[in-house]
Amino acid sequence: MITSFGIILMMVSSEIYIYYVVIFLGLLQKYYLTYKEDFEEVHFFNPSNIALILGLLLFYDKTHIVIGQLGETLWLKIIIIVMATIILLRAKRVIIPIGFVIFYMISQNVFVIGYDPMLTMEEVYKRFYSVSFIVFILYMLTDPKTTPNRYVTQLIFALLLAVLSSLLDRYYSFRVQHLFLTLFLLSLFVPMINYYPNSKKRNKLLSITAILFFLALSVIITVESQAPYYFEMDG
């Protein structure tokens with residue numbers, strides 16, 4: 001239900017069957033694309049996020065990632081933020097969204113706004129008006145299974161996500177899919193960060209991560225080579 005909700009909330013498609021396909025693929029990798037360390041099952045990708053990326057990869061001309069489906073209602077944002085704060089404090093992940101927002105605003109200003117005379121910071125701020133974007137930051141971005149455990153590495157994770165997505169914005173135009181593509185790439189290194197130092201199967205973990213890295217990089221290059229689309233939702 002959570003995976004399906006995340007996909008429906010962030011994706012728009014012209015064909016209903018695409019939703020079923022990407023939801024199935026997202027759940028499939030959740031149960032089979034894993035690594036076991038001392039009886040603990042480790043995930044490489046957030047199910048909702050990888051489903052959205054596979055939607056772009058397989059159905060680019062019929063599938064779009066959008067962040068306007070819940071509108072910009074203030075009371076709904078307040079409820080979501082309060083609920084998420086309680087959850088994130090218990091999950092010890094609250095530093096990720098805070099760090100990301102700070103680093104993202106700085107990165108956008110340094111790497112994007114200064115190089116595009118047609119783009120202003122107001123365009124960046126507009127993303128934060130969206131309820132769906134708040135959900136992305138507070139829930140998808142902070143998934144305990146696919147984010148680092150230690151506070152220092154969480155902060156580095158947030159920094160890299162902000163900087164890399166902003167660099168993609170700079171070189172491939174200002175597109176919301178860059179945040180999801182960057183999260184897709186970074187999350188596969190989380191098992192290495194969390195478990196490699198004490199792992200009993202280091203070579204296996206390293207090999208799996210390396211293979212997934214090249215596959216993920218191929219997916220990102222393929223998606224970015226497609227002509228950009230512009231999908232706007234008001235309200």
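The values are calculated or read from the model by the stated rules, or taken from the named source; none is laboratory data. Note that the coordinates shown come from a computational prediction; the quantities given were computed from them, not determined experimentally. Because the Cβ atoms are built from the backbone with ideal geometry, glycine has one as well, and the counts that use them run over all protein chains shown. The protein model used for the area step is the full one, side chains on, heavy atoms only, and it has no ligands, DNA or RNA in it. Shrake-Rupley method; radii C 1.70, N 1.55, O 1.52, S 1.80 Å.
Annotations
- Pairs of lysines in the chain whose Cα atoms sit within less than 22 Å of one another amount to 13, provided the residues are eight or more positions apart or on different chains.
- Near the amide H of M11, within less than 5 Å, lie the amide hydrogens of V66, all on another chain or at least 5 residues away, with H placed in the peptide plane.
- Taking 25 °C and 0.890 mPa s as conditions, the range 1-137 diffuses translationally at an estimated 144 µm²/s according to Stokes-Einstein applied to its Kirkwood radius (Cα pairs).
- Charge dipole (the range 145-235, unit charges on Cβ, about Cα centre) - positive-most of N194, L160, I221: N194
- Per residue, the solvent-accessible area of the chain (1.4 Å probe, heavy atoms of protein chains only, all protein chains present) comes to 52 Å².
- Where S173, S207, S225 fall by accessible area, highest first, once all protein chains stay in place (1.4 Å): S225, S207, S173
- When only the Cβ of Lys, Arg, Asp and Glu is charged (+1, +1, -1, -1), the dipole of the range 1-118 relative to its Cα centre reaches about 280 debye.
- Extension gain, K201 back to F214 (0.36 nm per residue minus Cα-Cα distance, nm): 2.6 nm
- D116 contributes an accessible area of around 60 Å² to the protein surface, as traced by a 1.4 Å probe with all chains present.
- Whole-percent carbon and sulfur share, accessible surface of the range 61-158, 1.4 Å: 70 percent
- Cα-based convex hull volume of the range 63-120 per residue, rounded to whole Å³: 139 Å³
- Most positive-pole-ward Cα, I65, Y171, T142, against dipole of the chain from beta carbon charges: T142
- Fraction of accessible area attributable to carbon and sulfur, the range 1-46 (%, probe 1.4 Å): 70 percent
- Debye, to nearest 20: dipole size of the range 98-172, +1 on Lys, Arg Cβ, -1 on Asp, Glu Cβ: 240 debye
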